[in-house]
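Working notes for the structure below.
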C-alpha cells in the first residue's frame, strides 16, 4: 500500500483520538464511589485489656500434638471443599478479564477470495448496454478482499469501570470465602481429632475401672469362700463389672464415626483414615492436651481479620459497584465504529490505492423509553446493596457474639476443670479407703461399690471437661479469625492462587 491510503488511515485515527478525548474529558462517572462502612465495635472484649498479639496462623501447634499438626496440614492441602473454593477464585479472575474487555476496542480482520465461473453470462443484463447475452457467452469472475473493522463503546458514565470494580470485589470475596473455609476446616479437624482422643481417654478410664472391678470381684469371691461375705456382694460386683464393660462398644462406635468424619475432611476414604490413626500412641493417663489459652482481653480489632467479616464487606463493595452499572444504563452510550477494506479482481493489484475504502461511524444510543425496566433494575440493585450492608453488620455482630461466648466458655470450663481435679482426687482416695475397710470387714460392699462408681464418674467427667475446654479454646481461635494462612500479615490480604 502506498502513502495515500496510509495518510487517510492516519487522519482517521487522529480524528478518532480527538473525538475520544472530547467525550472522555467532558464525561463524568455517575456512580457513587464505594467507601468501607465504619461499624462500631468495642475496643476490647469483656476481659482485661492486653497488648499481647497472639499468633493465629497455626494455633493448633499449642496442643503439642504432632498427629494433630499433621492432620490439619494435610486437610488444608487435600480438602475437596477448599479445592473447589480455589477453582471459584480462578473463575472469578476470568470474570474480571471479561468485564475489563468491555471497555476496550474490539478489532476484527477478515479476508476472502471468490471465483465465479458460469457458461452463461448472468451479469450481461446488468451492464447497461441493453444487449442480450449471447448463447455462447460465459462468466469468469475473480474477487479478492481484505477488511479490518473496529468498534469501541466509550465508558463515558463509568458503567464498565463499575463492572470491573464489582468483578474485582467478587474475586476478593471468593478469596475470603477460601480463607473462611480454612478457618472452619482447621477448627473441625481439631475438634474431631480431640473428640477422638477424648473418647480414647474415656475408654482408658473405663478399662482401668474394669480392672479395678475385677479385683473387687476377686475380693468379694474370696470373702464369700471364707464365709465373710454373702452371694449378694458377688452378684452386685458382677453387675457393676458388666455395666462398665457395656460402655466400651458405645465408645468404640463413637470413635469410629469420628474417624470417618475426619476422613471426609481430609478427602480420604474411611479405611485409609482408620489405618493412619491406628498408629497413634494409645492414651493411658486420660489427660489429653487442652491447648494454650489466649491472652485475656484480646483486642476486638482481631475480629476484622475474620474471613467471614471480610467476605461480607467485599460483597457489599461488589453490590455498591453493581449500582453504578445500573445507573450508567440510564444514560446514553457512545460507540465508535470504523472499517477499512481492500477489494480487487486481481490478487497482484489487491494492495493498490484504487482498491482502498474506509468508513467511520459515531453512534449514540439513548434509552428514551424502556417501560420502566432500567429504573426498576436500578432500584433492585440498590436493595441488593442494602441487603449486603445489613449482612455485613450482622457478620460483625455475630463475630462479637462468637468471641464473647467462647471467652465465657473458656473461663467457666477452666474453673470447672479445677474443681473436677479436686473431685477426682477425693473420689480416688475414698475408693481406696472403702476397699481397704471392706477387706478388713469394717464397711459393707455397697459402700465399696458406691465409692468405685463415684470415682469412675469423676474421672469420666474430668476427661469430658478437658475436651470441653479444648473445644472452647478452638472456638475462641476460630472466633477471632485464626487458622488461615497469612492472617498476621500487615494488610491481612489473602495470598494469590
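The values are calculated or read from the model by the stated rules, or taken from the named source; none is laboratory data. Here the structure is a predicted model, which means the values were calculated and not measured. Positions of Cβ are backbone-derived with ideal geometry, glycine not excepted, and every protein chain shown enters the neighbour counts.
The table that follows gives values for the structure above.
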{"item": "Qualifying residue in the range 125-133 (condition: assigned to a helix (DSSP H, G or I), modelled with pLDDT under 90 and either in contact with a strand residue (DSSP E or B) (Cβ under 8 Å, 6 or more places away or on another chain) or more than 30 Å from residue 382 (Cβ to Cβ) (or both))", "result": "yes"}
{"item": "Residue match in the range 271-280 (condition: modelled with pLDDT under 90, part of a loop (DSSP other than H, G, I, E, B) and over 30 Å from residue 183 (Cβ atoms))", "result": "no"}
{"item": "Residue that is modelled with pLDDT under 90, assigned to a loop (DSSP other than H, G, I, E, B), crowded, with 17+ Cβ neighbours inside 10 Å and over 36 Å from the mean Cα position of the chain (by Cα), where the choices are 336, 350, 342", "result": "350"}
{"item": "Which listed residue, of 384, 413, is surrounded by fewer than 20 Cβ atoms within 10 Å (Cβ to Cβ), more than 30 Å from residue 228 (Cβ to Cβ), in contact with a helix residue (DSSP H, G or I) (Cβ under 6 Å, 6 or more places away or on another chain) and touching a residue at least 24 places away in the same chain (Cβ under 8 Å)", "result": "384"}
{"item": "Criterion (in contact with a helix residue (DSSP H, G or I) (Cβ under 8 Å, 6 or more places away or on another chain) and surrounded by fewer than 21 Cβ atoms within 10 Å (Cβ to Cβ)) met by exactly one of 207, 190, 246, 222", "result": "207"}
{"item": "Per-region count, the range 421-448, residues in contact with a helix residue (DSSP H, G or I) (Cβ under 6 Å, 6 or more places away or on another chain) and part of a helix (DSSP H, G or I)", "result": "12"}
{"item": "Odd one out for residue 229 among (1) in contact (Cβ under 8 Å) with a residue 40 or more places away in the chain; (2) assigned to a helix (DSSP H, G or I)", "result": "(2)"}
{"item": "Answer from 369, 390 - the residue that is surrounded by fewer than 14 Cβ atoms within 10 Å (Cβ to Cβ) and outside any helix (DSSP H, G or I)", "result": "369"}
{"item": "Filter result for residue 403 (farther than 30 Å from residue 239 by Cβ, within 43 Å of the chain's Cα centre (by Cα) and free of Cβ contacts under 8 Å to residues at least 40 places away in the same chain)", "result": "no"}
{"item": "Residue match in the range 314-324 (condition: at pLDDT 85 or above, closer than 27 Å to residue 150 by Cβ and buried (at least 22 other Cβ atoms within 10 Å of the Cβ))", "result": "yes"}
{"item": "Residue that is modelled with the lowest pLDDT, among those in the range 471-497 that are surrounded by fewer than 24 Cβ atoms within 10 Å (Cβ to Cβ) and at positive phi", "result": "492"}
{"item": "Qualifying positions in the range 87-105 - under 11 Å from residue 164 (Cα atoms) and in contact (Cβ under 8 Å) with a residue 60 or more places away in the chain", "result": "93, 95, 96, 98, 99, 100, 102, 103"}
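Residue by residue, here is whether (1) touching a helix residue (DSSP H, G or I) at 6+ places or on another chain (Cβ under 8 Å); (2) closer than 20 Å to residue 180 by Cβ; (3) in a helix (DSSP H, G or I); (4) at pLDDT below 95 holds:
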{"site": "68", "(1), (2), (3), (4)": "yes, no, yes, yes"}
{"site": "82", "(1), (2), (3), (4)": "yes, yes, yes, yes"}
{"site": "86", "(1), (2), (3), (4)": "yes, yes, yes, yes"}
{"site": "99", "(1), (2), (3), (4)": "yes, no, yes, yes"}
{"site": "115", "(1), (2), (3), (4)": "no, no, no, yes"}
{"site": "120", "(1), (2), (3), (4)": "no, no, no, yes"}
